[in-house]
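Bear in mind that the values in this text are calculations on the coordinates, not laboratory data. It should be emphasised that the depicted structure is a prediction, and the values quoted were computed from it without experimental measurement. Using ideal geometry, Cβ is built from the backbone for each residue, glycine included, and neighbour counts are taken over all protein chains shown.
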Amino acid sequence: MRDFRYLPGTATLALDRARCVGCGMCVTVCPQGALAMEEGEGGKAVIADLDGCMECGACATNCPAKAVTVRPGVGCASYIIQVWLKGRDKASCGPDCC
Amino acid sequence: MKDLMEAMREEGRFSPPDAGGTGAGKPGGQPSHGPMDPPAACSGAPGASGAGLVQPEEDCCCCGSRPAPAAGPDERPGYAILPFVEAFVDGPAGRIPRVRTRLDGKDLLGAAGARIGIGRDDYRIAPGLYMTGNPDGAAPVLVSSNYKLSFDALRGQLSGISAWILVLDTRGVNVWCAAGKKTFSTDEVVRRARESGLDAVAPDAPLVIPQLAATGVALRQVKKRLGRKAVFGPIRAADLPRFLADGLTAGPDMRRVTFSFRERAVLTPVELYLARYTILWIALAIFAVSGLGAWGYSLSMAFGRGWPLFWAFLSGALGGIVGTPLLLPLLPGRALSAKGLWAGALAGLTSLAFYSPGLTYVEGLAALFLAMAAASFWAMHFTGATPYCSPSGVEKEMRRYMPIQACAALVSAILWIGAGFAR
């Protein structure tokens, strides 16, 4: 996000250029502008702002070529505490979360 | 009053008084016509509503309010028609509710409740097909969640727009979070589109799926499985009219989340609501511990020392829960826990400056540490409400700052209890 910057160098977003077909879907769905398209014909996607990525996973879900990957997760402290205490399977966002 | 009159009418004891009646026939003997209640209100009385009066006498309303209209075909035992439904429109997929595009007081009250936390967990509507205006077979199908706050945000923007609204069963959770939990998913879009009868009423209509649902919805699979055009709509419902007018295209400004002061402010009441029991328990612990000292246990000390610590703690908690979100861009640091430490220091010092009767410096320091620990802890919990904190980042910040929060709380407790024994 332009207005707010979170911790740098933590996002797990990765792009495999060789696989990218240049459809631009990841750029469309990214709510942060973390991805962009190269200029010109046959342009591929590039990671324009890695630290802007919030790992929502919209790009990975909508990439037809599995070129974009990101470790999906919930960026919520209550949820992460539950994962630590109860394990990933039993953790739930529940009413205390989003 | 109305019920009583209806009861009397049923018993045949009540007859309509004269036009412009004096209210002599009113039960209870109270004057019926105040200055705000002109005689014309007696619309059922002879002469009041002119020669066109065809209602049978039992159906007229006398000097009270007019009785509710007779039950319509859509009123069925065990069901209630929701106030936002304007009418039911017959079609090949059955009777589809046409919804109002203006929010009323009830909607706003419900929204306020959901924002505060009251009724928030069950603030939902039935999934299925709705409409606004007079949509035809090619009108856009706006897909939404069944969290009523989301649904209201959508229909509130559709004034003058004819569209179908396909409400998914997201268990009463908003679009973005439901997509993250995968209840707003490819499968749910496909299933709901098939079951709703959309193919019967609008076979060629394009699906407009909110962009924030992209976490859970693979657009290409929706298109393939439904054999229907589908696009990602704008993030904010307010941009929908422009998006629809521009032929289902969105500029970059419609595709980026924002986090304005207002957007942050509306999120804080529910955070406070969720923290209420923790705050209460810590408050009780503060008073319990404050009475301890070389004297054994003293209730007067429990309150005498307890109040200033309690206020410092509460200020810190509010600094983390409300202050940090509001002052987010102004507080130093990137981790919300770090911002919370600053907010807590600010809030704790302010509280102590105003109210610290008889506290020693050590006790003041203990109170400040507690305020900072509380603010940092709750500020950290706000990560889940922001639209920019990544899970990896949140985990990193928690590993780094939770030990700091725990240390601050522990040091605070040691200093505070120690100070009690040193008095």
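List of remarks:
- Within the range B:258-278, the set of residues being buried (at least 18 other Cβ atoms within 10 Å of the Cβ), within 14 Å of another protein chain (Cβ to nearest Cβ) and free of Cβ contacts under 8 Å to residues at least 60 places away in the same chain is empty.
- Boolean, residue B:117 is touching a Lys or Arg at 6+ places or on another chain (Cβ under 6 Å) and under 24 Å from residue B:275 (Cα atoms): no
- Where residue B:160 falls short, out of the listed (1) in contact with a Pro (Cβ under 9 Å, 6 or more places away or on another chain); (2) within 14 Å of chain A (Cβ to nearest Cβ): (2)
- Taking the range B:164-229 as the region of interest, the helices (runs of 4 or more DSSP H) fully inside it that hold 1 or more residues being crowded, with 21+ Cβ neighbours inside 10 Å and within 14 Å of chain A (Cβ to nearest Cβ) are B:175-181, B:186-195, B:219-226.
- Condition met for residue B:189 (touching a Pro at 6+ places or on another chain (Cβ under 7 Å) and closer than 21 Å to residue B:226 by Cα): no
A quick yes/no check of all residues on (1) touching a Leu at 6+ places or on another chain (Cβ under 9 Å); (2) away from chain B (no Cβ under 11 Å):
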residue: A:10; (1), (2): no, no
residue: A:19; (1), (2): no, yes
residue: A:31; (1), (2): yes, no
residue: A:68; (1), (2): yes, yes
residue: A:88; (1), (2): no, yes
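- Count of residues meeting criterion [without any contact (Cβ under 8 Å) to a residue 60 or more places away in the chain and within 19 Å of residue B:141 (Cα to Cα)] in the range B:240-254: 8
- Counting residues in the range A:36-52 that are within 12 Å of chain B (Cβ to nearest Cβ), within 26 Å of residue B:173 (Cβ to Cβ) and in a loop (DSSP other than H, G, I, E, B) gives zero.
- Selection of the range B:387-407 for residues being of a type in the set (Gly, Ala, Ser) and surrounded by fewer than 22 Cβ atoms within 10 Å (Cβ to Cβ) yields only B:406.
- Scanning the range B:359-380 for any residue that is at the interface with chain A (Cβ under 7 Å from one of its Cβ atoms) and not in a loop (DSSP other than H, G, I, E, B) turns up at least one such residue.
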